[in-house]
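The values are calculated or read from the model by the stated rules, or taken from the named source; none is laboratory data. Remember, it's a predicted structure, so these values are computed and weren't measured experimentally. Cβ coordinates were reconstructed from backbone atoms using ideal geometry, including for glycine residues, and neighbour counts include every protein chain displayed. Note: areas computed on protein heavy atoms with side chains; ligands, DNA, RNA excluded. Shrake-Rupley method; radii C 1.70, N 1.55, O 1.52, S 1.80 Å.
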Amino acid sequence: MCLQLLAKGVLMSEIAAIVPACLRELPQWVAWKYVDRAGKQTKAPINSHTGDFADSTDAATCSTFDQAREACERDVNLAGVGLVFTADDPYCGVDLDNCRDGESGKLKSCAIELVERFDSYTEVSPSGTGVKIFLKASKPGCRCRKAYHDGEVEIYDRGRFFTVTGDRLQEYPTEVNLRQESLDLVYASVFGGDEARSACSSGVDPSRLTGDCATAALTHVRIRSRFHKLCGSGSTEAWRGPPRISVRFEPE
């Protein structure tokens with residue numbers, strides 16, 4: 001499959017010229033393939049060296065971009081390459097599901113709002129119905145996933161891999177940009193109430209926090225998140241190979 005189209009109009013031989021160099025230079029790449037689970041096609045990361053399942057919390061199962069690409073060229077069962085986010089890199093990924101018409105390429109208004117706010121390298125997901133945005137930022141809280149309008153938004157900065165297609169949205173930047181403030185605002189909008197309820201133990205109603213108090217609460221969450229990232233605490237949602245494979249499959 002990798003010798004043909006990774007996504008609409010993108011060949012494996014072309015992807016290196018599209019994916020930003022700052023991402024290609026990371027030693028955090030995997031191949032991936034579709035796996036059937038309970039009748040659903042899901043995406044699993046693959047160790048480019050061994051062909052076994054990769055572990056997104058174990059650097060030894062990752063490779064360079066070129067090694068992942070070469071693995072795809074050797075094995076037609078592999079569907080493409082993917083990038084693993086870790087606590088040691090400055091990058092974050094935002095995944096918007098069910099936000100794009102697979103035929104026309106038109107984005108829903110809710111997705112356009114987020115893509116324009118982030119204004120960073122953005123590409124079409126393998127399904128053709130979602131997009132992934134790559135940022136320089138740290139996720140400012142514990143939450144990762146939530147329904148958003150009639151789709152879903154996922155945000156990760158460690159312990160997860162993102163498929164990378166090279167099918168870039170042409171209207172948006174070719175590079176990965178620093179967008180911490182934008183991520184903070186979007187995170188607060190999407191997860192704010194839930195994050196506050198999970199973070200507060202004092203019994204104070206989070207909805208009553210305003211002004212400086214609300215700012216302080218968000219700052220507390222950001223500091224806590226960055227502390228954990230620096231300490232490399234890992235993610236409870238990480239792919240850990242076959243024994244815990246059920247927590248890492250991602251429905252298409």
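List the pairs from LYS108/LYS132; LYS106/LYS132; LYS43/LYS108; LYS108/LYS146; LYS33/LYS132; LYS43/LYS146 whose alpha-carbon separation is above 21 Å, in the order I gave them.
Over 21 Å Cα-Cα: LYS43/LYS108.
Using each residue's phi in the stretch 104-111, evaluate 6.51 cos²θ - 1.76 cosθ + 1.60 at θ = phi - 60° and report the 3J(HN,Hα) Karplus result to the nearest Hz, with x for Gly and Pro.
Karplus values, whole Hz, x for Gly and Pro: 7, x, 6, 8, 5, 4, 5, 6.
What is the stretch 1-111 by shape, rounded, prolate or oblate, if you read a ≥ b ≥ c off the alpha carbon gyration tensor as root eigenvalues and call it rounded for a/c under 1.5, prolate for a/b larger than b/c, and oblate otherwise?
Judged from the Cα gyration tensor, the stretch 1-111 comes out rounded (a/c under 1.5).
Tell me the trypsin sites (Lys or Arg not before Pro) within the stretch 41-111 that lie in a loop according to DSSP and have at most 13 other beta-carbon atoms within 10 Å.
For trypsin sites (Lys or Arg not before Pro) across the stretch 41-111 that sit outside H, G, I, E and B with at most 13 neighbouring Cβ atoms in 10 Å, the list reads LYS106.
List, in order, the whole-Hz ³J(HN,Hα) value for each residue of the stretch 84-91 obtained from phi through the Karplus relation with A = 6.51, B = -1.76, C = 1.60 and θ = phi - 60°; use x for Gly and Pro.
9, 7, 10, 6, 9, 10, x, 9
Just report the Cα centroid separation between the stretch 128-183 and the stretch 5-65, whole Å.
Their Cα centres are 16 Å away from one another.
Counting only the heavy atoms of the protein chains, how much of ILE112 is accessible to a 1.4 Å probe, in Å² to the nearest 10?
Looks like 60 Å² after rounding.
In the stretch 30-92, what percent of the accessible surface is made up of carbon and sulfur (1.4 Å probe, ligands and nucleic acids excluded)?
That share works out to 44 percent.
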